[in-house]
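Below is one structure; the comments refer to it alone.
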Amino acid sequence: MNKAVFIDRDGTISEEVGYVNHPSRFRLLPRSAEAIRLLNKNGWLAILVTNQAGVARGYFAEDMIKQVHERLNAELEQEGARLDAIYYCAHHPSVGEAPYRSDCDCRKPKPGLILRAVNEFDIDLASSWMIGDRFGDVQLAQNAGVNSAFVLTGYGRGEWEHQRSSWAAEPDLVAEDLLEAVQKIIERK
Ligand SMILES: [Mg+2]
Ligand SMILES: [Zn+2]
């Protein structure tokens, strides 16, 4: 069975810049490619899971997500790193029009995106991790039955310093950024 690290996009692998409605707004964080490379080298699946409700909200078309992810994959490839899969949710439960206005099962922190990955790869959830910069990513980890790593990039530092007291669960580890999280995860095993 495979071990996977599920990775949030905005604020975790890339800068949190609000809605990425054009590939030119997408900026990989400085140590992200190294983090993915480390996962690749150590035999972990690296899988991106991201909510992109800007589609449901009418801010951009679903094809924009694909264009942004082509850019992401190209930038990673230049640095010898590779994501094994990317899953996204373009839905919103109460905004926009069908089919994107939907009370779907894949909008994080619901576990649908991770469960799709489990269907396509042979993944041992109990030894897998979710890395993200928001409490919702910790909830997602809990809902999916994986371990959780919280990063202080993106919204992370603010949520950690000012909102943590109201969280119903704590992450299993906290790291400055994606690379440090990956290093700590690999050391743990
Ligand atoms: Mg995020
Ligand atoms: Zn969805």
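Determine which member of the set Val174, Val151 is more than 16 Å from ligand 2 (Cβ to nearest atom), under 13 Å from the mean Cα position of the chain (by Cα) and either under 21 Å from Leu29 (Cβ atoms) or surrounded by 20 or more Cβ atoms within 10 Å (Cβ to Cβ) (or both). Before you say what the answer is, go through the steps one by one.
Details: Val174 fails: under 13 Å from the mean Cα position of the chain (by Cα).
Matching residue, one of Val174, Val151: Val151.
Given the conditions (1) open to solvent by 10 Å² or more (accessible area, probe 1.4 Å); (2) touching a Cys at 6+ places or on another chain (Cβ under 9 Å), and given that Cys89 satisfies all but one, which numbered condition is not satisfied?
(1)
Pairs needed: first member in region 178-189, open to solvent by less than 10 Å² (accessible area, probe 1.4 Å); second member anywhere, among the hydroxyl-bearing types (Ser, Thr, Tyr) and modelled with pLDDT under 95; C-beta distance under 7 Å; at least 6 residues apart or different chains.
Close Cβ pairs (under 7 Å, with a partner that is among the hydroxyl-bearing types (Ser, Thr, Tyr) and modelled with pLDDT under 95) do not exist here.
Any chance region 40-63 includes a residue that's among the basic types (Lys, Arg), open to solvent by 60 Å² or more (accessible area, probe 1.4 Å) and in contact (Cβ under 8 Å) with a residue 40 or more places away in the chain? Break it down stepwise before answering.
Start the filter on region 40-63 by keeping residues that are among the basic types (Lys, Arg), which leaves 41, 57.
Within this subset, residues satisfying the condition of being open to solvent by 60 Å² or more (accessible area, probe 1.4 Å) are 41, 57.
After this cut, where a residue has to be in contact (Cβ under 8 Å) with a residue 40 or more places away in the chain as well, the list is none.
No, because not a single residue in region 40-63 is among the basic types (Lys, Arg), open to solvent by 60 Å² or more (accessible area, probe 1.4 Å) and in contact (Cβ under 8 Å) with a residue 40 or more places away in the chain.
Scan region 129-169 for residues that are away from ligand 1 (no atom under 14 Å from the Cβ), within 23 Å of Ala46 (Cα to Cα) and assigned to a loop (DSSP other than H, G, I, E, B) and jot them down.
Scanning region 129-169 gives Gly145, Val146.
What number of residues within region 103-136 satisfy the criterion of being free of Cβ contacts under 8 Å to residues at least 24 places away in the same chain and open to solvent by 20 Å² or more (accessible area, probe 1.4 Å)? If you could, list the steps in order and put the result at the bottom.
Step one: of region 103-136, the residues free of Cβ contacts under 8 Å to residues at least 24 places away in the same chain are 103-106, 112, 118-119, 125-126.
Subset that is open to solvent by 20 Å² or more (accessible area, probe 1.4 Å): 103, 105, 118-119, 125-126.
Residues flagged as free of Cβ contacts under 8 Å to residues at least 24 places away in the same chain and open to solvent by 20 Å² or more (accessible area, probe 1.4 Å) within region 103-136 amount to 6.
The values are calculated or read from the model by the stated rules, or taken from the named source; none is laboratory data. Fair warning: this is a prediction, and the values are worked out from it, not measured in the lab. In this analysis, Cβ positions are derived from the backbone assuming ideal geometry, glycine residues included, and neighbour counts consider all displayed protein chains. Side chains included, ligands, DNA and RNA excluded: accessible areas come from the protein's heavy atoms. Shrake-Rupley method; radii C 1.70, N 1.55, O 1.52, S 1.80 Å.
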